[in-house]
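Let me begin by presenting the structure, written as structure tokens, before commenting on it.
The values are calculated or read from the model by the stated rules, or taken from the named source; none is laboratory data. All figures in this text were calculated on a predicted structure; none of them were measured in a lab. All Cβ positions, glycine included, derive from the backbone under ideal geometry; neighbour counts span all protein chains shown. These accessible areas exclude ligands, DNA and RNA; they are computed on the full protein's heavy atoms, side chains included. Shrake-Rupley method; radii C 1.70, N 1.55, O 1.52, S 1.80 Å.
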Amino acid sequence: MHLYKPACADIPSPKLGLPKSSESALKCRRHLAVTKPPPQAACWPVRPSGAAERKYLEKFLRVHGISLQETTRAETGMAYRNLGKSGLRVSCLGLGTWVTFGGQISDEVAERLMTIAYESGVNLFDTAEVYAAGKAEVILGSIIKKKGWRRSSLVITTKLYWGGKAETERGLSRKHIIEGLKGSLQRLQLEYVDVVFANRPDSNTPMEEIVRAMTHVINQGMAMYWGTSRWSAMEIMEAYSVARQFNMIPPVCEQAEYHLFQREKVEVQLPELYHKIGVGAMTWSPLACGIISGKYGNGVPESSRASLKVFKGGRSSYYTVFEVYDWLISITI
């Protein structure tokens, strides 16, 4: 048994009794105030400045025969950021596989694109179970295996919601989150993904079940983090509250559409969520499926995204966006 041994300063002097007068009491209090030792300063380490921290890191690496100039960041010039307030470092640019992998481009072109991206410092590669009915994940995994890239140098993300035609193969139930992620890992030929996204909200599944299932796959080593995609700020806040209430893992990121015609969510709503609960932003479709590029000014080119059947007739599917684009062109001429 450990007994607390008080310091000498904590033990009152036996000669000091109860004063008989207020004057003697005042003198006694003054005496105690003078003799009481000053509080010790907290021994917390002071965080060094950015320059000092870099200098210390360079010195540490030099001892081990490594230089900061040999890092991917120094060699490629790619900028990296933390994903939300997590410690995961991701490249500012990522490569997605929607429509392209297993659809618009061949496997050879997909490999060349991934190689160029990886050698340029891109470490973030995004896919989903629904892309090309799972074929996009197969191609992505095959390229990673063929290239022999270190798994630790990659950030692989996938999304769950549409997994098949059966009623139990879609949504965000515990059953589909676990089974769907296992299926994605088999197609990717990976032991885990870095981030698994809920590809859209699911009104048929309680939020607690979704958060518990995401926490489970993370605890089982199938994913490192989880995030949301196309969720409203209120739904993200609900997921965070449920996670904190039941000591579970909250989402770290929202994957949102962001381009000239879709700005409010990323520029207004998500910054507030970041400062409140640390949810970051991963954006997709920066060119609005190619509309902002200007290639649709004279109609829909062949082999473009708007010409695919998935867009249900091309230009008519984005009629409002095309109108806005035509208006922008007219006022800039």
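See the values below:
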quantity: Highest average packing first - 131-144, 200-213, Cβ atoms within 10 Å; calculated: 131-144, 200-213
quantity: Accessible surface of the stretch 162-210, 1.4 Å probe, proportion on carbon and sulfur as whole %; calculated: 46
quantity: Accessible area in square angstrom per residue, the stretch 64-114, 1.4 angstrom probe; calculated: 59
quantity: Chain lengthening between residue 209 and residue 51 when straightened (0.36 nm per residue, less Cα-Cα); calculated: 52.3 nm
quantity: Unit Cα scatterers, Debye sum, the stretch 111-198: log10 I(q)/I(0) for q = 0.17, 0.20, 0.22 Å⁻¹; calculated: -0.66, -0.87, -1.02
quantity: Sequence ranges 226-238, 263-275, ranked by mean other-Cβ count within 10 angstrom, highest first; calculated: 226-238, 263-275
quantity: Highest to lowest packing among 250-262, 165-177, scored as the average C-beta count within 10 Å; calculated: 250-262, 165-177
quantity: Projected label distance in nm at residue 111 and residue 174, using a 7 Å step from Cα toward the beta-carbon; calculated: 4.3
quantity: For the stretch 66-141, fraction of C-alpha pairs farther apart than 19 Å, in %; calculated: 44
quantity: Computed E for residue 69/residue 147 - FRET, C-beta separation, R0 22 angstrom, nearest 0.05; calculated: 0.35
quantity: Å² of accessible area per residue within the stretch 115-238, as computed with a 1.4 Å probe and no ligands counted; calculated: 45
